[in-house]
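One structure, pasted below without further comment.
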Amino acid sequence: MKKNQNVREFAQLGDPVLRLQAMPVDELKSSHVVDTILDMQAALLNSSGVGLAAPQIFESLCIIIIASRPSQRYPLAPEMDPIVMINPSFKVLSQMTKKDWEGCLSIPGIRALVPRYEKIQITFIDQQGNTQQLIAEDFVARVFQHEYDHLDGLVYLDRVENNKDIISESEFQKLMALKYS
Ligand code: NI
């Protein structure tokens, strides 16, 4: 780990930073942006998360990282190299939505069923400044939409259709153990 990679605490639900509209990045090479990305990468590595948005480490900037990998938190997550996305946006490719379980490092202890678009086209700027496009489906599309919401000051609970779709982490773990045993 590089010296300037600080593992920061995650902003917790109730912290105003999670409710701000994040600022677009205009200086890709500024030390603020570079350090934010390094800190996000370090924070993700030290967590069991599959994605992270800059506001979660108290930086109100339009930067997310998608890092799907199977874990106890997300047993069915596909393995992929983490992707840093700067100023991301997306287009819905299919109006089909699906409800599935989500959690958030900023909202520990609970899970909820959240409807998300199943297929989207993502546009973002990479760390070299190139515009990239990516078609994402299912789990990866879900993670992206979750992280993208953080940039709009939204959390996944805002998308829950019914309070009965919210359960505790311990009950979620029991459910997963039953489903995949
Ligand atoms: Ni989150």
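So, in Å, what gap is there between the alpha-carbon centers of the stretch 134-181 and the stretch 58-99?
Computed from Cα coordinates, the inter-centre distance equals 11 Å.
Another question, then. Going highest first, how would you order 169-180, 143-154 by mean Cβ packing within 10 Å? Let's see the in-between values first.
Working: 169-180: 11.8, 143-154: 21.7.
Going from most to least packed, we get 143-154, 169-180.
Right, something else. Between Glu9 and Gln121, take the C-beta separation as r, use R0 = 35 Å, and let me know the FRET efficiency to the nearest 0.05.
Working: r = 34 Å, r/R0 = 0.97.
Efficiency, rounded to the nearest 0.05: 0.55.
Same structure, new question: Give the value in nm², to one decimal: projected area of the alpha carbon convex hull of the stretch 46-109, averaged over all directions. Display every interim value, and only then the final one.
On the way: hull surface 22.4 nm².
So the mean shadow area of the Cα hull is 5.6 nm².
Mind checking the full-extension length gain between Ser31 and Asp81? Use 0.36 nm per residue of separation minus the Cα-Cα distance, one decimal, nm. Spell out each step's value before the answer.
Numbers: separation 50, 0.36 × 50 = 18.00 nm, distance 2.38 nm.
Difference between extended and current length: 15.6 nm.
So how do 121-129, 96-104, 35-43 stack up, highest first, on mean other-Cβ count within 10 Å? Walk me through the intermediate numbers first.
Details: 121-129: 15.0, 96-104: 16.8, 35-43: 19.1.
So the peptides 121-129, 96-104, 35-43, ranked by packing, come out 35-43, 96-104, 121-129.
Could you check the spin-label model distance between Ser170 and Leu157? Points 7 Å from the Cα along Cα→Cβ, value in nm.
Going by the 7 Å Cα→Cβ label model, 1.9 nm.
Whole number in Å², please: accessible area per residue of the chain, 1.4 Å probe, ligands, DNA and RNA not counted.
Details: 9430 Å² over 181 residues.
I get 52 Å² per residue for this part.
Given only helices, namely DSSP H runs of n ≥ 4 each adding -39500 (n - 2.57), what is the per-residue ellipticity at 222 nm of the chain, to the nearest 500 deg cm²/dmol?
Working: 3 runs with 41 residues, N = 181.
Value at 222 nm, helices only, nearest 500: -7500 deg cm²/dmol.
Same structure again: Mind pulling the angle between the C-alpha long axis of helix 31-45 and the longest principal axis of the chain? Nearest 10 degrees, somewhere in 0 to 90.
For 31-45 against the chain, the angle is about 30 degrees.
Please compute the net charge surrounding Gly109, taking Lys and Arg as +1 and Asp and Glu as -1 over other residues with Cβ under 15 Å from its Cβ.
Working: positive: Arg73, Arg111, Lys174; negative: Glu102, Glu169, Glu171.
Taking every other residue near Gly109 into account, the sum is 0.
While we're on this one: Principal axis extents for the stretch 43-181, Cα atoms only, whole Å, descending order, please.
Here the spans come out as 44, 35, 28 Å, largest first.
Note down the nm distance, to one decimal, between modelled labels 7 Å out along Cα→Cβ at Ser48 and at Val92.
Placing both labels 7 Å beyond Cα along the Cβ direction yields 3.2 nm.
The values are calculated or read from the model by the stated rules, or taken from the named source; none is laboratory data. Owing to the predicted nature of the structure, the values given are computational and were not obtained by experimental measurement. For neighbour counting, all protein chains shown are included, and Cβ atoms are generated from backbone atoms with ideal geometry for every residue, glycine included. Accessible surface areas use protein heavy atoms only, side chains included; no ligands, DNA or RNA. Shrake-Rupley method; radii C 1.70, N 1.55, O 1.52, S 1.80 Å.
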